[in-house]
1. Taking region 27-43, which residues are polar (S, T, N, Q) and out of contact with any helix residue (DSSP H, G or I) (no Cβ under 7 Å at 6 or more places or on another chain)?
2. What helices (runs of 4 or more DSSP H), lying completely within region 48-129, carry at least 2 residues that are at pLDDT below 95 and open to solvent by 30 Å² or more (accessible area, probe 1.4 Å)?
3. From the list ALA33, ALA24, which residue is surrounded by 13 or more Cβ atoms within 10 Å (Cβ to Cβ) and either under 19 Å from LEU98 (Cα atoms) or out of contact with any Asp or Glu (no Cβ under 8 Å at 6 or more places or on another chain) (or both)?
4. Run ARG74 past the list (1) in contact (Cβ under 8 Å) with a residue 40 or more places away in the chain; (2) touching a helix residue (DSSP H, G or I) at 6+ places or on another chain (Cβ under 6 Å); (3) basic (Lys, Arg) and report the number of the one that doesn't hold.
5. Looking for whichever is out of contact with any strand residue (DSSP E or B) (no Cβ under 8 Å at 6 or more places or on another chain) and free of Cβ contacts under 8 Å to residues at least 12 places away in the same chain here; the options are ALA26, ALA21. Which one fits?
6. Hey, does region 12-23 have a residue that's modelled with pLDDT under 90 and part of a loop (DSSP other than H, G, I, E, B)?
7. Of the numbered conditions (1) over 20 Å from ALA21 (Cα atoms); (2) touching a residue at least 40 places away in the same chain (Cβ under 8 Å), GLU130 fails exactly one; give the number of that condition.
8. Which is out of contact with any Pro (no Cβ under 6 Å at 6 or more places or on another chain) and free of Cβ contacts under 8 Å to residues at least 12 places away in the same chain, of SER55, SER9?
Amino acid sequence: MRDRQDGPSGENRFRARQFEAFVAGAAGRLLHAATLLTAETRDANPRAQGLLTASLAHTYAHWDRLRGEDPYDRTRADLATRFARTAWRHHRGRGGLLSALTPQERLVVVLRLYEGVAEEQTAALLGLAEERVRAICARSVSALRDRRGGRLAS
């Protein structure tokens, strides 16, 4: 790790390489999550790309302050928060798998079922009661099953 000893420019190169490695490993999954949130299709997802870019930029700006915090969790939380703040822009889906759901329902489904975030963590992140998260998730899954003729497609 010679770059760490090369002064500020070495630190910056080391930091940039660490971040690039993180993005290389996580960006695909995070983009898919953002695409599900915005209810866009995989091939046409400019809103999802914008959300992800902003969240990754935020994570990079705080990279040195993560101090053992998982950068994926940090980026996912920022992505969810940004989506929630701008959900009114994403009310209508554009043909994506979750387009029949409201933005709040999509947020809960993506966090709970796609990302596997615990119910209590999802509730805390969204500022909702755990029971509310459970009810939203159950209602959303039921709606998706009804829409897909009894089976939930991935």
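1. First, the residues of region 27-43 that are polar (S, T, N, Q): 35, 38, 41.
Matches in region 27-43: THR41 only.
2. Hits in region 48-129: 71-85, 119-126.
3. Values: ALA24 fails: surrounded by 13 or more Cβ atoms within 10 Å (Cβ to Cβ).
Exactly one of ALA33, ALA24 is surrounded by 13 or more Cβ atoms within 10 Å (Cβ to Cβ) and either under 19 Å from LEU98 (Cα atoms) or out of contact with any Asp or Glu (no Cβ under 8 Å at 6 or more places or on another chain) (or both), namely ALA33.
4. (1)
5. Working: ALA26 fails: free of Cβ contacts under 8 Å to residues at least 12 places away in the same chain.
Unique residue meeting the criteria: ALA21.
6. no
7. Going through (1) over 20 Å from ALA21 (Cα atoms); (2) touching a residue at least 40 places away in the same chain (Cβ under 8 Å) one by one, GLU130 breaks only (2).
8. Values: SER55 fails: free of Cβ contacts under 8 Å to residues at least 12 places away in the same chain.
That would be SER9, the only listed residue that is out of contact with any Pro (no Cβ under 6 Å at 6 or more places or on another chain) and free of Cβ contacts under 8 Å to residues at least 12 places away in the same chain.
The values are calculated or read from the model by the stated rules, or taken from the named source; none is laboratory data. In this text the structure is predicted, and so the values were computed from the model without any measurement. Glycine also receives a Cβ, built like all others from the backbone with ideal geometry; neighbour counts cover every protein chain displayed. Just so you know, the surface numbers come from the protein's heavy atoms only, side chains and all, with ligands and any DNA or RNA stripped out. Shrake-Rupley method; radii C 1.70, N 1.55, O 1.52, S 1.80 Å.
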